[in-house]
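Only one structure is covered here, and it is reproduced in the block below.
The values are calculated or read from the model by the stated rules, or taken from the named source; none is laboratory data. Computed from a predicted model, the values in this text were never measured in an experiment. Note that each Cβ is placed from the backbone with ideal geometry, even for glycine, and that neighbours are counted across all protein chains shown.
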Amino acid sequence: MSAERDLLNIDLEDEDKKHKMKRIVPTPNSYFLDVQCSRCSMISIVFSHSQTIFKCPKCQTVLARPSGGKATISPKCNKKTKKKKKKLERDREINDELDREKEEMEQEIKLLVLGTGDSGKTTFIKQIQILYKEGFTENDKKLYRNVIRNNLLSHAKILVNACRNLDIPMESSNEEIAEEIIEIPEVKNGKIEVEQYEMIQALWSDSALKHAYERRSEFQLPDTADYYLDDVERIMDDEFTPNTRDILNCRIPTSGVRLLNFNIDGIPWRVVDVGGQRSERRKWIHQFDNVTTLIYVVAVSEYNQKLYEKDGINRLDESLVLFTKTINNKFFKKKNCVILFNKYDLFSEKIKIQDLKVCFPKYKGGKNVEKASKYIKNVFYKAGKNRKRRLYHQFTVGTQTSDIEKVFEIVDKAVANEIKKLGGRL
Ligand SMILES: Nc1nc2c(ncn2[C@@H]2O[C@H](COP(=O)(O)OP(=O)(O)OP(=O)(O)O)[C@@H](O)[C@H]2O)c(=O)[nH]1
Ligand SMILES: [Mg+2]
């Protein structure tokens with residue numbers, strides 16, 4: 001008699017169809033569950049009706065105890081539902097991603113650029129964009145065109161107001177124009193009417209505005225105002241596209257934090273730009289981790305100017321106080337720092353007319369560029385000196401690319417020294 005089925009060679013697929021899935025333990029209704037340890041957070045699989053004490057394999061905390069029926073899960077040890085488990089997995093993935101990013105960041109050279117508002121930090125970053133990246137895109141240029149045209153309008157308004165506040169009379173024919181200019185709101189798409197440009201031109205050729213411009217240390221006017229006011233015709237042209245110099249001279253106060261990644265000889269660098277005005281400085285702390293070298297920008301030409309944010313405070317004084325506080329912060333106590341004594345072009349012109357004594361009463365070098373520069377350098381070095389780090393410096397004109405190229409030779413030295421201090425690792 002032939003067997004209907006070959007019991008020695010069962011067809012598993014066939015067999016599967018005949019039997020329903022059976023519970024391993026038919027009763028009671030038991031299952032496995034994930035339990036998170038309250039001490040070390042490790043998750044273990046626990047049998048719901050465990051008949052022995054179940055301990056966390058990592059830290060030996062008791063996770064579950066037998067109770068005759070369903071095991072009792074220890075208080076504070078969380079049972080993980082499917083939903084919670086998914087969330088946990090997601091959190092773990094995010095954490096892994098963050099760890100990976102952190103590891104990458106630890107392998108790159110990070111420069112943090114600090115300094116008071118208007119000192120030239122963003123200009124330094126723009127120069128990196130020119131030197132180590134592809135410069136400015138068409139989109140950047142469009143954006144800057146709008147900003148430059150609005151800047152032009154706002155410079156004219158500031159000067160008109162200054163004439164009024166400083167009692168400098170304008171030509172009578174310009175009084176009416178001045179009235180109109182003040183009323184023009186900020187333009188959205190950079191489109192200023194031809195008549196409005198002509199009004200700006202007429203006002204700028206008035207000796208009153210030039211006189212107010214000479215007295216600009218008594219009010220707030222961007223340093224590059226004359227650069228644009230001298231070139232109204234080109235800027236008003238429909239075809240106007242800003243060139244590199246126009247963009248370097250353009251002023252947009254930074255709000256928040258801006259990062260720029262670039263490569264030098266295959267090594268990744270990251271430079272961090274922050275806003276320097278008082279209200280921006282509380283955001284700085286979030287950038288203090290993993291800094292390789294600090295770049296501190298001081299506008300030396302500000303020695304006779306007052307702070308934009310608070311009247312009565314000398315800008316160079318503010319920069320020195322901020323430098324002292326920052327460099328002695330626990331994050332930077334052992335970090336090398338490169339100080340850029342910026343706006344040297346404006347400084348060397350100004351010092352011929354106004355003594356550095358207005359800012360440093362003890363200074364005795366007179367209206368001498370070299371002596372005044374050396375004095376400022378010494379004051380900053382004295383504030384930042386300690387045996388655990390090196391200070392480097394350079395007098396710069398931030399808008400000149402060749403100056404910033406030289407700065408990078410110094411930054412290179414500071415970074416190399418930092419890496420050496422850390423035994424070759426970042
Ligand atoms: N004449 C002259 N102008 C400079 C120099 N460096 C920067 N500027 C100009 O100074 C203005 C301010 O420069 P920014 O780089 O925007 O200053 P910042 O430090 O980033 O300012 P915040 O973003 O407000 O902190 C811009 O109009 C620049 O073109 C310099 O060395 N000489
Ligand atoms: Mg800026």
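Suppose the filter is of a type in the set (A, V, I, L, M, F, W, C), surrounded by 12 or more Cβ atoms within 10 Å (Cβ to Cβ) and away from ligand 2 (no atom under 16 Å from the Cβ); does residue 125 pass it?
Working: of a type in the set (A, V, I, L, M, F, W, C): yes; surrounded by 12 or more Cβ atoms within 10 Å (Cβ to Cβ): yes; away from ligand 2 (no atom under 16 Å from the Cβ): no.
So residue 125 fails the test.
Among (1) under 17 Å from the mean Cα position of the chain (by Cα); (2) closer than 22 Å to residue 396 by Cβ, which single condition is residue 288 missing?
All conditions are met except number (2).
Which of the residues belonging to segment 244-263 are near ligand 2 (Cβ under 9 Å from one of its atoms), over 12 Å from the mean Cα position of the chain (by Cα) and hydroxyl-bearing (Ser, Thr, Tyr)?
Correct list: empty.
Step by step: first the residues of segment 373-401, then only those that are part of a helix (DSSP H, G or I) and within 24 Å of the chain's Cα centre (by Cα), then the one that is nearest to residue 333 (Cα to Cα). Which residue is that?
Of all residues in segment 373-401, those part of a helix (DSSP H, G or I) come to 373-384, 401.
Of the ones still in play, those that are also within 24 Å of the chain's Cα centre (by Cα) are 380, 384, 401.
Numbers: 380: 15, 384: 9, 401: 30 Å.
Looking at the filtered set, the residue picked out is 384.
Taking residue 291 as the residue in question, decide whether it is part of a loop (DSSP other than H, G, I, E, B) and assigned by TED's automatic domain parsing to the domain that holds residue 118.
On the way: part of a loop (DSSP other than H, G, I, E, B): yes; assigned by TED's automatic domain parsing to the domain that holds residue 118: yes.
Yes.
Hey, among the residues in segment 199-252 that are among the small types (Gly, Ala, Ser) and surrounded by 14 or more Cβ atoms within 10 Å (Cβ to Cβ), which one's nearest to residue 152 (Cα to Cα)? Spell out how you get there, then give the answer.
If we filter segment 199-252 for residues that are among the small types (Gly, Ala, Ser), which is where we start, we get 202, 205, 207-208, 212, 217, 225.
From the residues that got through so far, the ones that are surrounded by 14 or more Cβ atoms within 10 Å (Cβ to Cβ) too are 202, 208, 212, 217, 225.
Numbers: 202: 13, 208: 17, 212: 16, 217: 19, 225: 7 Å.
The selected residue is 225.
Quickly run through segment 196-229 and pick out the residues that are acidic (Asp, Glu) and either at pLDDT 95 or above or closer than 15 Å to residue 182 by Cβ (or both).
To start, the set of residues in segment 196-229 that are acidic (Asp, Glu) comprises 198, 206, 214, 218, 223, 226.
Once the filter is applied, which keeps residues that are acidic (Asp, Glu) and either at pLDDT 95 or above or closer than 15 Å to residue 182 by Cβ (or both), segment 196-229 yields only 206.
Among the residues in segment 260-272, are any away from ligand 1 (no atom under 14 Å from the Cβ) and not assigned by TED's automatic domain parsing to the domain that holds residue 338? I'd like the intermediate steps shown before the answer.
Step one: of segment 260-272, the residues away from ligand 1 (no atom under 14 Å from the Cβ) are 261-270.
Narrowing the set further to residues that are not assigned by TED's automatic domain parsing to the domain that holds residue 338 leaves none.
Looking for residues that are away from ligand 1 (no atom under 14 Å from the Cβ) and not assigned by TED's automatic domain parsing to the domain that holds residue 338, one finds none in segment 260-272, hence no.
Do you know which residues across segment 99-122 are surrounded by 15 or more Cβ atoms within 10 Å (Cβ to Cβ), away from ligand 1 (no atom under 16 Å from the Cβ) and not acidic (Asp, Glu)? Spell out how you get there, then give the answer.
Taking segment 99-122 and keeping what is surrounded by 15 or more Cβ atoms within 10 Å (Cβ to Cβ), we get 108-122.
Still in the list and also away from ligand 1 (no atom under 16 Å from the Cβ): 108-110.
Once the filter is applied, which keeps residues that are surrounded by 15 or more Cβ atoms within 10 Å (Cβ to Cβ), away from ligand 1 (no atom under 16 Å from the Cβ) and not acidic (Asp, Glu), segment 99-122 yields 109, 110.
Could you tell me which of the residues 364, 371, 357 is in the same structural domain as residue 402 (by TED's automatic domain parsing) and loosely packed, with under 13 Cβ neighbours inside 10 Å? Spell out the reasoning first.
Details: 371 fails: loosely packed, with under 13 Cβ neighbours inside 10 Å; 357 fails: loosely packed, with under 13 Cβ neighbours inside 10 Å.
The match here is 364.
Quick check: is even one residue across segment 263-271 under 22 Å from residue 222 (Cα atoms) and either modelled with pLDDT under 95 or surrounded by 20 or more Cβ atoms within 10 Å (Cβ to Cβ) (or both)? First the steps, then the outcome.
The first filter runs over segment 263-271 and keeps only residues under 22 Å from residue 222 (Cα atoms), leaving none.
Checking segment 263-271: not a single residue is under 22 Å from residue 222 (Cα atoms) and either modelled with pLDDT under 95 or surrounded by 20 or more Cβ atoms within 10 Å (Cβ to Cβ) (or both).
Restricting attention to segment 296-308, which residues are near ligand 1 (Cβ under 10 Å from one of its atoms) and of a type outside the set (A, V, I, L, M, F, W, C)?
The answer is 301, 308.
How many residues are at pLDDT 90 or above and within 46 Å of the chain's Cα centre (by Cα) if we restrict to segment 59-76?
Total meeting the criteria: 3.
Return yes or no: is residue 133 basic (Lys, Arg), at pLDDT 90 or above and surrounded by 15 or more Cβ atoms within 10 Å (Cβ to Cβ)?
On the way: basic (Lys, Arg): yes; at pLDDT 90 or above: yes; surrounded by 15 or more Cβ atoms within 10 Å (Cβ to Cβ): no.
Spelling it out, it is not the case that residue 133 is basic (Lys, Arg), at pLDDT 90 or above and surrounded by 15 or more Cβ atoms within 10 Å (Cβ to Cβ).
Hey, does segment 316-331 have a residue that's more than 19 Å from residue 381 (Cα to Cα) and free of Cβ contacts under 8 Å to residues at least 40 places away in the same chain?
Initially, segment 316-331 is screened for residues more than 19 Å from residue 381 (Cα to Cα), giving none.
Within segment 316-331, not a single residue is more than 19 Å from residue 381 (Cα to Cα) and free of Cβ contacts under 8 Å to residues at least 40 places away in the same chain.
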